[in-house]
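Trainee: Pasting a structure here, questions to come.
The values are calculated or read from the model by the stated rules, or taken from the named source; none is laboratory data. Here the structure is a predicted model, which means the values were calculated and not measured. Every residue, glycine among them, receives a Cβ derived from its backbone with ideal geometry; neighbour counts consider all protein chains shown. In case anyone asks, the SASA skips ligands and DNA or RNA and just uses the protein heavy atoms, side chains included. Shrake-Rupley method; radii C 1.70, N 1.55, O 1.52, S 1.80 Å.
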Amino acid sequence: TALAKMRQAADPQEVCMSCTSALLHDKELHEAMLIRGQAQLQLGFFAACELDCSAALRAIPESATAWATRGRARLSQKSYREAADDCQQALHLEEKSRLAMSTLGAALLKLGDHQGALENCDKAVQYMLALHRNEKVEEVEATKKIKKKKGKGKEKKRRVTSKKRQTVLKEQLLADNFAQADPEDDEDDDEGSPEDASPRADAEEGAESPAEESPREETPAEAEAPAEPASESTGFSGLFDLTKHLINEKPDLEAGERKWDLAQLMLVKPPPEVEGMDRSEIEELAELYAMRAQAKVALGDLEGTIADCSSALCLNARVPFCWAARAEAKRLQDKLEEAVKDASEALRLDPLNVSAYLTRARAKLRVGEAQFVVTDCSEALALDLHQPTAWSTRAAARLDLKDVPGALSDAKSAIALDPADVDGWCSLSGALLDSSDVVGAAEAASKALSLDGDCARAWFNRGCARVDLKDITGAEGDFNECINLWPESFMAFARRAHVRLKQGNLEGALADCEQALKLDPRLVEAICIQADVKRINGDLKGAVTDASLALRHRPECAAAFSIRGQSYSKMEKHDKAVQDCQKAVKLDPPTLEEPLLGWRHACSSDPIPAPLSQWEVEAQQAKQKAALQAMAAKEAAEKFARRAKAAAAKKAQEEAMRQSMKKSRKKAA
């Protein structure tokens, strides 16, 4: 009786109670042990499920269901290796165990065997779809048989009805003839005998039967046509449950809005391959697609990831992981707008999804929305401080916002968490460049390149550092590598143009400026270098035009004022030359030499020598003061070194004397 109740129970809690009752009557009832383990797995009691399945396996080791159930319980307890072993044993016993396939795929995914996980998840998906197709084919064939039987029954009924109708008409004709032959008998037999009543009733039924439509015979095409699946309503039950959930989730909506949402949802149809599946099977299939997408993310299959995530979302649109994974895949394919939309949807479903924050931040960084990036990275770090990607991404955004101390701090935090974080080293090199620590910037960029030789940003940063270190040839090589890896980097073209200008390669510098301006027509650095090349080549009007264009884009560009001033000087427009060079000196710090050189060049071509300006005097004084400070520091260092050397010599002499005294005492003793 207890075993019968156990098999009739539907709720997992009732199943557990029934199995326990059965086991109290018979402890050797291993079927009850296994069924109770399955019920405990549904209730979330994973340790108890493992114990029950282990007890069942001691008696029935050939049960693939027991092995697969214990594997799922161990997977939920994060015992991934043991779960994988159990599922492999289950598949050895039964190759088509769906639970074992999916559990083994999840376990291998956690263990890092992404190829194995992908193979097992793919097998589970194909098996589910094939099984469902076979069920649909069997269902259609059963429906055809039912229709054929029904058609035969209708044909037989039609023939019986036709014969009955003919009999009734004959009896009615005989009765009419008899009434005409003996009309007096009608007066005596008004009520009629019971034998006469039945033919009349039959006649009445026969009179009513023509009103009913006779069954139409089916054509051969209709008989061979596939019938509609009998479980069609079951396929939409999940959609109905989802509709109820969405409506109950928004109780503040008005009745009209609820009706509109319900109408829109009821227009949605499940994909053809899952037509007729119940909700639990659809969710299981969606989970398999999600696991397969996760494996493809690790293997770098972006198209496969997007396809599997889309399939999973088509079955169940409320899976945040699929939205986030598809967003990351689209970001890597440079589909930035779509990536931002998918990541935003993932965050709407799960506001605690750290990966979605990071994906959206990195996509926004590519389009230049630095402040938005800082916000998203801060949200991710508020959820998990041990995210090096969040630190390095926020460091890059802060560099764009000119927050050098913040960028330096974030880059160091990223490297402390993950010394192999290439983005962290790149951000650190950029922050050190902006902090004028050229040597540190070159070392950080070299470290990034040792980790990833295809990092264009690291090549660019090291090239900039080498320019400041006067390593012009090395800088040109770094910029060449950056351009090869990142042909859209207009700043790399501009920097290489600057290097080639220093090398005297005017044609190469001009070609680089033209390419940079094709990519960004408002790039002031490229416009200034182009103007300087034209000035050197003698195209003074072109130099003045380009310098004026640069000043329109950036009114406080000291280099543009200096170039235009030197061009005016060669054109013998001395007043304009002096004004531009004065502005250049005023905008740049006094210790910079290039504006001063431009100023002196403009004044040297003037027929009347002009006195030194106030800015030039201050620059010279600052330079002399810096030289005196350096000399004083050098003298102090030399003095300290001499004192340290003398003290060391004196100490060595005293030690030698002590040793000699010890030896003399030993000899005397």
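Trainee: Based on Cα coordinates alone, diagonalise the gyration tensor for the range 274-327, multiply each eigenvalue by 5, take square roots, and list the semi-axes in whole Å, largest first.
Mentor: Here the semi-axes work out to 20, 10, 8 Å.
Trainee: Let me ask something additional. Quick check: with the 1.4 Å probe, what order do HIS574, HIS25 take by accessible area, largest first?
Mentor: HIS25, HIS574
Trainee: If you don't mind, there's one more thing I want to ask. How long is the gain from ALA511 to VAL438 if the chain were fully straight, where each residue apart is worth 0.36 nm and the alpha carbon distance is subtracted?
Mentor: Stretched fully, the ALA511-VAL438 segment lengthens by 23.5 nm.
Trainee: Ratio of the range 285-423's C-alpha Rg to 2.2 N^0.38 Å, to two decimals?
Mentor: Relative to the 2.2 N^0.38 Å estimate, the range 285-423 comes out at 1.06.
Trainee: Normalise the Cα radius of gyration of the range 387-512 by 2.2 N^0.38 Å (N = residues in it) and let me know the number.
Mentor: Rounded to two decimals, the normalised Rg is 1.04.
Trainee: Let me ask something else about it. Report the label-to-label distance for ALA633 and GLN88 in nanometres (one decimal), using points 7 Å from each Cα along the Cα→Cβ vector.
Mentor: Placing both labels 7 Å along Cα→Cβ, they lie 6.5 nm apart.
Trainee: Give me log10 I(q)/I(0) at q = 0.18 Å⁻¹ for the range 340-387, Debye formula, one equal scatterer per alpha-carbon, no solvent.
Mentor: -0.46
Trainee: So what is the orientation-averaged projected area of the range 480-541, using the convex hull of its C-alpha atoms, in nm²?
Mentor: 3.8
Trainee: Sticking with this structure for a sec: In Å, what Rg and Dmax follow from the Cα atoms of the range 443-495?
Mentor: Taking only Cα atoms of the range 443-495, I get Rg and Dmax of 9.9, 26 Å.
Trainee: If you place +1 on the Cβ of every Lys and Arg and -1 on the Cβ of every Asp and Glu, how big does the dipole about the Cα centre of the range 441-525 come out, in debye to the nearest 20?
Mentor: Once rounded to the nearest 20, the dipole reads 180 debye.
Trainee: Given the Cα-Cα distance of ARG58 and SER664 and 0.36 nm per residue of separation, how much length would full extension add, in nm?
Mentor: Once the chain is fully extended between ARG58 and SER664, it gains 209.3 nm.
Trainee: I would also like to ask the following. Strictly over 27 Å apart at the Cα level, which of LYS625/LYS650; LYS402/LYS576; LYS402/LYS583; LYS586/LYS623; LYS502/LYS625; LYS110/LYS412 would you flag in this model?
Mentor: Correct reply: LYS625/LYS650; LYS402/LYS576; LYS502/LYS625; LYS110/LYS412.
Trainee: If HIS92, HIS498 are ordered by their accessible area, calculated over protein heavy atoms with a 1.4 Å probe, which sequence runs from highest to lowest?
Mentor: HIS92, HIS498
Trainee: Using only Cα atoms, locate the centre of the range 401-458 and the centre of the range 64-138, then give the distance between them in Å, rounded to an integer.
Mentor: Value for the Cα centre distance between the two parts: 44 Å.
Trainee: Okay, next question. Restricted to Cα positions, what overall size does the range 397-438 have along the principal axes? Three whole-Å values, descending.
Mentor: Extents along the principal axes, in whole Å: 24, 20, 12.
Trainee: Pop out the ³J(HN,Hα) list for the range 408-418 in order, Karplus 6.51 cos²θ - 1.76 cosθ + 1.60 with θ = phi - 60°, rounded to Hz; leave Gly and Pro as x.
Mentor: 5, 5, 5, 5, 5, 5, 5, 5, 5, 6, 9
Trainee: Which percent of the accessible area of the range 372-475 is formed by carbon and sulfur heavy atoms (probe 1.4 angstrom)?
Mentor: Carbon and sulfur: 52 percent of the exposed surface of the range 372-475.
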